[in-house]
Amino acid sequence: MKSISQNLGRSIDAVKLKAGRMGLGDSRMNFDGITVNQLALALDKSYGQIVNYWVPDYGLPVRRKLFANTARVLVIGYEEFWKWAEQHKELLNLAKMEPNTLGAEPAWTKVKRKADQMRSQKTFQAVNWTPEEDQRLVQVLGTKGMTYPEVARLFDRSEASVKRRLHDLGVKVRPERLDNHTKYTPNEVQTLLRMAQEGYSYETIAQTLRKSALGVRGKLERMGFDFKRRCLKEKTISI
């Protein structure tokens, strides 16, 4: 508003009045971008103040824009946001956001949204184990050849949850691991890294490669891949 008033040689109040008469609406909507608060709402209401932490912690490229000559608000351009987002995919969850909500989306968002939707559909709730489940769990382990994926499916829990429960119960017997004596082929390694970088869950990757989720997680960790950050710590990785 201040710049417009200077260019037109009129007061800020006059510019605001004329803009209102012309139906230009909220000045926050009249620029190529979005405010940080609007960005949080577009992604998901649960993000709230989380997006604000992206500025100092992850270098979200925002700038301050003066509105109505009274307040400076953090804004970001759509193109700048998507460039930044490509380097920080692990921070985003596109499952609930409609395509093109934040302008034209780059090609990689299609894969990311699919991965996020798959993760959302298979989210294991933190439900306490019942005494009946504990008893059944011990009984199931008496069946020879039971693997972690099979036990996890029986109880509709993650493999990690099964492993933690066995530890808490002090049970020494463990399900068989699928990956103990099976080496990854070069093609499997490439698929593993690609899916991990695209944001797929351990369980989905395991189903694709026909391995256990625990084995997939262990393989990524041994290769120096930080699943939370979705990035390789080493440029050269031995298979």
- Message: Test of understanding: among Leu166, Leu192, Leu137, which residue is among the aliphatic types (A, V, I, L, M), at pLDDT 85 or above, under 30 Å from Ala85 (Cβ atoms) and buried (at least 17 other Cβ atoms within 10 Å of the Cβ)?
- Response: Leu192
- Query: Mind checking which residues of segment 1-25 are in a loop (DSSP other than H, G, I, E, B) and not basic (Lys, Arg)?
  - Reply: Met1, Gly9, Ser11, Met22, Gly23, Leu24, Gly25
- Tell me which residues, restricted to segment 102-120, are under 16 Å from Gln38 (Cα atoms) and surrounded by 14 or more Cβ atoms within 10 Å (Cβ to Cβ). Leu102
- Among the residues of segment 16-54, write down those that are modelled with pLDDT of 85 or more, within 23 Å of Lys96 (Cα to Cα) and of a type in the set (D, E, K, R). none
- Note on the structure: Note on segment 192-217: residues over 26 Å from Ala107 (Cβ atoms) and not in a helix (DSSP H, G or I) are Arg210, Lys211, Ser212
- Task: Taking the residues in segment 55-91 that are open to solvent by less than 50 Å² (accessible area, probe 1.4 Å) and of a type in the set (D, E, K, R) as candidates, determine which candidate is modelled with the lowest pLDDT.
- Result: Glu90
- Message: Being in a loop (DSSP other than H, G, I, E, B) and either at pLDDT 85 or above or over 30 Å from Leu17 (Cα atoms) (or both): is that true of Leu102 here?
- Response: yes
- Before we move on, is Gly145 more than 21 Å from Asp116 (Cβ to Cβ) and touching a strand residue (DSSP E or B) at 6+ places or on another chain (Cβ under 8 Å)? yes
- Restricting segment 174-189 to residues that are of a type outside the set (Asp, Glu) and modelled with pLDDT of 85 or more, the residue that is nearest to the chain's Cα centre (by Cα): Val189
- Item | Residue check, Val151 surrounded by 16 or more Cβ atoms within 10 Å (Cβ to Cβ) and more than 21 Å from the chain's Cα centre (by Cα) | yes
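The values are calculated or read from the model by the stated rules, or taken from the named source; none is laboratory data. What you are looking at is a predicted structure, and each value in this text was computed from that prediction instead of being measured. Quick reminder, even Gly has a Cβ in these numbers, built from the backbone with ideal geometry, and neighbours come from all protein chains shown. Protein only, heavy atoms only, side chains kept; ligands, DNA and RNA dropped before computing areas. Shrake-Rupley method; radii C 1.70, N 1.55, O 1.52, S 1.80 Å.
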